[in-house]
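Each remark here refers to the structure printed beneath this line.
The values are calculated or read from the model by the stated rules, or taken from the named source; none is laboratory data. Because the structure is a prediction, the values reported are computed rather than measured. Neighbour counts run over all protein chains shown; Cβ positions are idealised from the backbone, glycine included. Only protein heavy atoms, including side chains, enter the accessible area calculation; ligands, DNA and RNA are left aside. Shrake-Rupley method; radii C 1.70, N 1.55, O 1.52, S 1.80 Å.
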Amino acid sequence: LPPGLDSAMLRATGGLPALVVAVIREQVQRGAIWCEGVSEAGRARWAWDPAARLMPGEDTTRHIDRWLRTLPEATRAIVQALAVAGGPVPLDLLLHAAGADPSGADLGPALRNGLCTVQLERGEEWVSLRRAVLEPVLVRGLDEEQIRSLHLALADAVRVRPGHEWEQRFLIVHSARGARDPEDTRMLVELGDWLAGGGRPWEALETLDAAS
């Protein structure tokens, strides 16, 4: 494999064979992976453009959609909320936003299927999507009103937590993305400027991207 492709593919697909095959096929079709010739050993020598994003195409989307349809409705709601959150989320917050059982039982099928993973961070359980290709497919499957409602549900869920900096930023981001009021988007831009001024450029970029 071309240097870096194996680790990028693992991050994108979690190593699931069907997704690996689908993503590689799509990358070849897009010209992001190509054959440079044959090595002295008689093997094909492949190259990859690291700047190419491993975004899911039709084959990958079809695999994921078929996979998601096997999940119980409550589990799908959790996974969809996690995709809209755009990153790891504390377990209690995620369950609250998705309207799921507080016991966490509804998350079980997503953990067993390898869709999500749970890690201990800051003394509590945080949930994240295990495969990067899932997030764009899940969000694309929701209409604008569903996405807005999930942003607002995430904002409501974080209000019951201690008001530390992470919670405050999470509240501003998801309140703004769930609202129709341009004033809320302005607050998001101001937060991005504040983060940039505080020497946190990557967080600022993520926040400003959310405002676009």
For segment 75-85, take each phi angle, set θ = phi - 60°, evaluate the Karplus expression 6.51 cos²θ - 1.76 cosθ + 1.60, and give the result in whole Hz per residue in order, putting x for glycine and proline.
-> 5, 4, 5, 5, 5, 5, 4, 5, 5, 5, 4
Can you give the Rg and Dmax of segment 74-212 based on its C-alpha atoms, in angstrom?
-> 14.7, 43
Convert each backbone phi in segment 147-154 into a coupling constant with the Karplus relation 6.51 cos²θ - 1.76 cosθ + 1.60 (shift: θ = phi - 60°), then list the ³J(HN,Hα) values in order as whole Hz, x for Gly and Pro.
-> 5, 4, 5, 5, 4, 5, 5, 5
Can you give the calculated 222 nm mean residue ellipticity of the chain, where each DSSP H run of n ≥ 4 adds -39,500 (n - 2.57) and the sum is split over every residue, rounded to the nearest 500 deg cm²/dmol?
-> -18000 deg cm²/dmol
Quick one: which residues, 5+ away or cross-chain, put their amide H under 5 Å from the amide H of residue 116? H built at 1.01 Å from N.
-> 111, 130
Bins of 10 Å, starting at 0 and running to the largest distance - Cα pair percent for segment 92-149 = 20, 48, 31, 2
Segment 133-176: which GluC sites (Glu not before Pro) are DSSP loop and have at most 15 other beta-carbon atoms within 10 angstrom?
-> none
Report the accessible area of residue 96, computed with a 1.4 Å probe over the heavy atoms of all protein chains in place, in Å² rounded to the nearest 10.
-> 100 Å²
With the 8 Å Cα cutoff and a minimum separation of six or more residues, segment 60-106 has a relative contact order in percent of 34 percent
Using a 1.4 angstrom probe, figure out how much accessible area the chain has per residue, in square angstrom, rounded to the nearest whole.
-> 56 Å²
Using +1 on the beta carbon of Lys and Arg, -1 on that of Asp and Glu, and nothing else charged, what's the dipole of segment 122-199 about the Cα centre, debye to 20?
-> 280 debye
